[in-house]
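The next block holds one structure in the form of structure tokens; read it before the comments.
The values are calculated or read from the model by the stated rules, or taken from the named source; none is laboratory data. Nothing here was measured: the structure is a model prediction, and the numbers come from that model. Because the Cβ atoms are built from the backbone with ideal geometry, glycine has one as well, and the counts that use them run over all protein chains shown. Accessible surface is based on the protein model in full, side chains and every heavy atom, while ligands, DNA and RNA are left aside. Shrake-Rupley method; radii C 1.70, N 1.55, O 1.52, S 1.80 Å.
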Amino acid sequence: MKRFPQAHATHPQWRMAAAMVVAQLRAQMALPDHAHQPSLGLLYITDHFADDAQAVLECVSAELPEVTDWAGTVGVGVSASNVEYFDEPALSVMLCDLSPDQYRVFSGVAPLSASGRAEGGEGFVAHTALVHADAGTPEVGELIAEMADRTGSGYLFGGLAGSRGPTVQFALGSAGNISGQGAASGVFHGGLSGVAFGRDVGIVSRVTQGAQPIAATHVVTESEGHLVTRLDGEPALDVLLRELEISLDHPEHAMSRLRQTLVGLTRPGPDGATAWSDSAHRRGAFGHEVIVRHIIGLDPVRRGVAIAELAPEGSRLAFCERHAQAARADLMRVCAEVREELEPEELLFGTGSAGDVDTAPKPARAIAGAVYVSCAGRGGPHFGGPSAELQIVRHALGDVPLVGFFAGGEIAHHRLYGYTGVLTVFVREA
């Protein structure tokens, strides 16, 4: 596995942006340390190009005929190494140097079976998967969990397409489609699509949270669907008002504070226990087991709080808020964890300057490429400036090929997250 070619461009005309990307990719494919014949392309476009999605795919696939498989989607922004394009016409592409027998593109016309095998994929078994999904798909959370069950590891990474226009996904596979489905264009609306990877494709993946708990965690002791009525035996609304130090007698102030408040929730497992990380909470952060959701209503009669997630009794719950400093610190933490997993312990304390990525210690296993899916509510402005979020990643990992998009919801493990970032790197032996 060699370094993955990666390119990005912005231009009001998609043809010009695509031409610039193809030129960059061709130049990199001629370099000795880059892949010369990559077969899998990851393609992300901003929603400015959503109406032209089919034309964009046809153009880049025609210009890069050696790339036989494509996957990707649309976002309100796209990302690359050290840069993000938010609310402007752009595309970002990475070409993955993977053996064709170690991945399968899947979609509605080429699904993964319950055994993790894809149509035309004899001998292939999915171990992990990059997943793109349409938020408008009924029971999308349940479909994501079901997809995770079709992989050997149970681990997914990816996100929900984000668009103010058509919500499109790219899924063009050389392995073919279900018999009788006819020719597939490679552009889909609705459902799930992506790429499943075999066991021999090495990846390291982490979830970074963007919210910070306000106060202590509680146990949901009484609930009805989305309505939480009691926390630790006390009326949930009373707990919320006390922790936010607000009163419904002053609705203007209360509503302003409530609009900034979210809920961090961990549901109980099959044995009734939760996987809440108390150590993470003590340091003012959430672990990957926590999903963050909106407060969608209050019930003064039953003294309950309605949240945008089912909250069965036994769940752990903490009221929280988005916090730029906490998000920055947590992103730096997960990047450090990725590096620690790749590097021998003695190399973590190299002689390189902290501000010089070129003199950083060389890892025992190198990053061939990376995928970063971040919430559309994050991005540079939330981190202090244009492209600041991607600059943090580059500072921590070095100048590695990276592609990604800003999503309407992030996918990791078997869950759908919000206000998070999901960083996944493809590993090669150095």
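What residues qualify as long-range amide H neighbours of Ala135, i.e. H under 5 Å apart, gap of 5 or more or another chain, H built at 1.01 Å from N?
Ala161
Could you rank the peptides 18-30, 159-171 by their average count of other C-beta atoms within 10 Å per residue, with the highest value first?
Packing order, densest peptide first, comes out as 159-171, 18-30.
Based on the alpha-carbon gyration tensor of the range 1-116 and its eigenvalue square roots a ≥ b ≥ c, which shape applies: rounded if a/c is under 1.5, prolate if not and a/b is larger than b/c, or oblate?
oblate
Within 10 Å, count the other beta carbons around each residue, average over each peptide in 398-406, 62-70, and list them highest first.
398-406, 62-70
Got a sec? What order do Ser113, Ser81 fall in by accessible area at 1.4 Å, biggest, i.e. largest, first?
Ser113, Ser81
Given an 8 Å cut-off on Cα distances and at least 6 residues of separation, report the relative contact order of the range 46-129 as a percent.
Relative contact order comes out at 24 percent.
Only bridges whose two residues both fall in the chain count here: according to DSSP, what percent of them are antiparallel, nearest 5?
Roughly 80 percent of the DSSP beta bridges within the chain come out antiparallel.
How much of Tyr155 can a 1.4 Å solvent probe reach, expressed as accessible area in Å² and rounded to 10?
30
Rounded to the nearest 500, what is the chain's calculated 222 nm mean residue ellipticity when only DSSP H runs of at least 4 contribute -39500 (n - 2.57) each, over all residues?
-6500 deg cm²/dmol
Over the range 4-58, what is the relative contact order in whole percent, taking alpha-carbon pairs under 8 Å and six or more residues apart?
Reported relative contact order: 35 percent.
For the range 185-250 and the range 75-103, what is the separation of their Cα centres, given in Å?
Distance between centres, Cα-based: 27 Å.
For the range 101-111, in order, what is each residue's ³J(HN,Hα) by Karplus, 6.51 cos²θ - 1.76 cosθ + 1.60 with θ = phi - 60°, in whole Hz (x at glycine and Pro)?
Coupling constants for the range 101-111: 7, 10, 7, 9, 6, 10, 6, x, 9, 9, x Hz.
Identify, among Gly314, Val228, Gly385, the residue whose Cα sits farthest towards the positive end of the charge dipole of the chain, taking +1 on the Cβ of Lys and Arg and -1 on the Cβ of Asp and Glu, with the dipole about the Cα centre.
Gly385
Each residue of the range 381-395 in order: what ³J(HN,Hα) in whole Hz does its phi give by Karplus 6.51 cos²θ - 1.76 cosθ + 1.60, θ = phi - 60°, with x for Gly and Pro?
Whole-Hz 3J(HN,Hα) from phi for the range 381-395: x, 6, 9, x, x, x, 6, 4, 5, 6, 5, 5, 4, 5, 4.
Grab the beta carbon distance between His189 and Asp249, set R0 = 41 Å, and tell me the FRET efficiency rounded to 0.05.
In this case the efficiency is close to 0.30.
What translational D, rounded to a whole number of µm²/s, comes out for the chain from Stokes-Einstein when the hydrodynamic radius is the Kirkwood one over Cα pairs, at 37 °C and 0.692 mPa s?
The estimated diffusion coefficient comes to 147 µm²/s.
Is there a quick way to get the dipole size of the range 39-111? I mean about its Cα centre, with the Cβ of Lys and Arg at +1 and of Asp and Glu at -1; what is the value in debye to the nearest 20?
Charge dipole, the range 39-111, about its Cα centre: 240 debye, nearest 20.
Measuring with a 1.4 Å probe in the full set of protein chains, what accessible area per residue, in whole Å², belongs to the range 193-262?
Per-residue accessible area for the range 193-262 comes out at 46 Å².
Could you tell me which residue out of Leu95, Gln54, His132 lies farthest along the dipole of the chain toward its positive end? Charges go on the beta carbon: Lys and Arg +1, Asp and Glu -1, centred on the Cα centre.
The Cα lying farthest towards the positive end belongs to Leu95.
In the chain, if the dipole is taken from +1 on Lys/Arg beta carbons and -1 on Asp/Glu beta carbons about the Cα centre, which of Leu331, Val168, Gly152 is farthest to the positive end?
Checked the options; the winner is Leu331.
Between Glu429 and Gln325, 0.36 nm times their residue separation minus their Cα-Cα distance comes to what?
Between Glu429 and Gln325, full extension yields an extra 34.0 nm.
Determine the relative contact order of the chain: mean sequence separation of Cα pairs under 8 Å and six or more apart, normalised by residue count, in whole percent.
Across the chain, relative contact order equals 20 percent.
Using the crude model of +1 on Lys and Arg Cβ and -1 on Asp and Glu Cβ, and no other charge, please compute the dipole size for the chain relative to its Cα centre, in debye to 20.
Here the chain has a charge dipole of around 300 debye.
Packing-wise, with mean Cβ within 10 Å as the measure, how do 83-90, 247-254 rank, highest first?
In descending order of packing, they fall as 83-90, 247-254.
With a 1.4 Å probe and all protein chains kept in place, how do Asp47, Asp232 rank by accessible area, largest first?
Asp232, Asp47
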